[in-house]
1. Hey, any hits in the stretch 276-291 for a residue that's of a type in the set (Lys, Arg), out of contact with any Leu (no Cβ under 7 Å at 6 or more places or on another chain) and over 17 Å from CYS179 (Cα atoms)?
2. How many residues are among the charged types (D, E, K, R), assigned to a loop (DSSP other than H, G, I, E, B) and over 26 Å from PHE150 (Cβ atoms) when one looks only at the stretch 48-69?
3. With the structure loaded, tell me whether GLY16 is in contact with an Asp or Glu (Cβ under 6 Å, 6 or more places away or on another chain) and small (Gly, Ala, Ser) or whether it fails that test.
4. Out of the residues in the stretch 87-116 that are open to solvent by 70 Å² or more (accessible area, probe 1.4 Å) and in a helix (DSSP H, G or I), state the one that is nearest to GLY53 (Cα to Cα).
5. Checking the condition among the hydroxyl-bearing types (Ser, Thr, Tyr) and touching a residue at least 40 places away in the same chain (Cβ under 8 Å), which residue from THR66, THR95 passes?
6. Select, from ALA246, ALA257, ALA214, the only residue that is under 15 Å from the mean Cα position of the chain (by Cα), at pLDDT 95 or above and of a type in the set (A, V, I, L, M).
7. Looking only at residues in the stretch 136-195 that are β-branched (Val, Ile, Thr) and open to solvent by less than 10 Å² (accessible area, probe 1.4 Å), which one is farthest from ALA246 (Cα to Cα)?
8. Which residue is nearest to CYS100 (Cα to Cα), if the candidates are limited to the stretch 70-86 and must be part of a loop (DSSP other than H, G, I, E, B) and open to solvent by 50 Å² or more (accessible area, probe 1.4 Å)?
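The values are calculated or read from the model by the stated rules, or taken from the named source; none is laboratory data. Keep in mind that this is a model prediction, so the values were computed, not measured. Methodologically, a virtual Cβ is constructed for each residue, glycine included, from the backbone with ideal geometry; neighbour enumeration extends over all protein chains shown. Surface areas here come from the heavy atoms of the whole protein model, side chains and all, with no ligands, DNA or RNA. Shrake-Rupley method; radii C 1.70, N 1.55, O 1.52, S 1.80 Å.
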Amino acid sequence: MPEMLTVAFLGLGHMGMPMALNLVRAGHRVTGFDVVPAAVEAARERGVPVADGALDAAAGADVVLTMFQTGQQVLDAYNGRDGQPGLLQAAAPGTMFLDCSTINVDEAREASRLAAQAGHRSVDAPVSGGVVGAEAGTLTFMVGGDAEDFQRVLPLLEAMGKRVVHCGAHGAGQAAKVCNNLILGVSMIAVSEAFVLGEKLGLSHQALFDVASAASGQCWALTTNCPVPGPVPGSPANRDYQPGFAGALMAKDLNLAANALRTTHVAARMGPLAAEIYDRFAAEGGAARDFSAIITDIRNKSGQQAAAAAGEAPGGGPAPTLAHDDGSPE
């Protein structure tokens, strides 16, 4: 029987709260905290014990698990800010720091360096699988850290996920995550473009799904998170694109990928373009919608292009004549 650990779970959002609940159900001693009072209350109502503050939770923990939105939040929480102590100071010597956030590889390596400098151990273990996977306990964890530390946190990860992969040294988990989400973002755009093209060509959603899901176009973006309602009943498209995995988070992850592509001098074109597309989608109202709602953006812009090609503006009447369009503001 695996050892039951005392866990400070910090970050009880859409992903963190069901992950913490799965640890409670597995028998681990969990104390949660979030800076958003509503998240704390929701966790308490669902049976996750909560502390008055992050430092209080960390003080008696075997493992401090963070599930934050940005790398800067992780580093600030570890170090403290504005003259206040951080988690590294509050935790007992030798505490395991388990970061499940999705952040830059360099930030993950810096977090591990800071933890070691303070006399602690650490592992980076970002996740894939979205809210559905968090609730079902079927997440995939990509883990970076020493083999001994990996074994130490494995019972926790197995309580929250279905697949756990040790990817290598510190930062390797984040490297795997950024590569995975690069594939995911690009493939969702491609799948969405294919469905809109199918609509234009008179092809039903179900017919395209039946072909592509059993052919070379098969991918997770199609068979699990299908961007049109119907073929996959559990996909966010069937609930008006409620996330799921929000467009703002996909934009963030693709920008992490684009940054990694730049710093490693990879001759990439699709990744940076996907980051640009999702940045615009998030800024234009898609931030809180599931990232598969990118199909609605593609469909809307396709209608605008069709109207322009027909010599009409989208609302009717002649399309404006442009002397040039270089993407710059007038």
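1. Quick first cut of the stretch 276-291, residues of a type in the set (Lys, Arg) only: 280, 289.
With out of contact with any Leu (no Cβ under 7 Å at 6 or more places or on another chain) added as a condition, the list becomes 280, 289.
Filter once more, keeping what is over 17 Å from CYS179 (Cα atoms): 280, 289.
Yes, that holds for at least one residue.
2. 1
3. Answer is no for this residue.
4. Here is the first cut: in the stretch 87-116, the ones open to solvent by 70 Å² or more (accessible area, probe 1.4 Å) are 89, 93, 106, 109, 113.
Of the ones still in play, those that are also in a helix (DSSP H, G or I) are 89, 106, 109, 113.
On the way: GLN89: 14, ASP106: 28, ARG109: 26, ARG113: 24 Å.
Selected residue: GLN89.
5. Testing whether each residue is among the hydroxyl-bearing types (Ser, Thr, Tyr) and touching a residue at least 40 places away in the same chain (Cβ under 8 Å) leaves just THR66.
6. Of ALA246, ALA257, ALA214, the one residue that is under 15 Å from the mean Cα position of the chain (by Cα), at pLDDT 95 or above and of a type in the set (A, V, I, L, M) is ALA257.
7. VAL153
8. First, pick out the residues of the stretch 70-86 that are part of a loop (DSSP other than H, G, I, E, B): 70, 80-86.
Applying the additional criterion that residues be open to solvent by 50 Å² or more (accessible area, probe 1.4 Å) yields 70, 81-85.
On the way: THR70: 11, ARG81: 21, ASP82: 25, GLY83: 26, GLN84: 23, PRO85: 22 Å.
Filtering first and then ranking leaves THR70.
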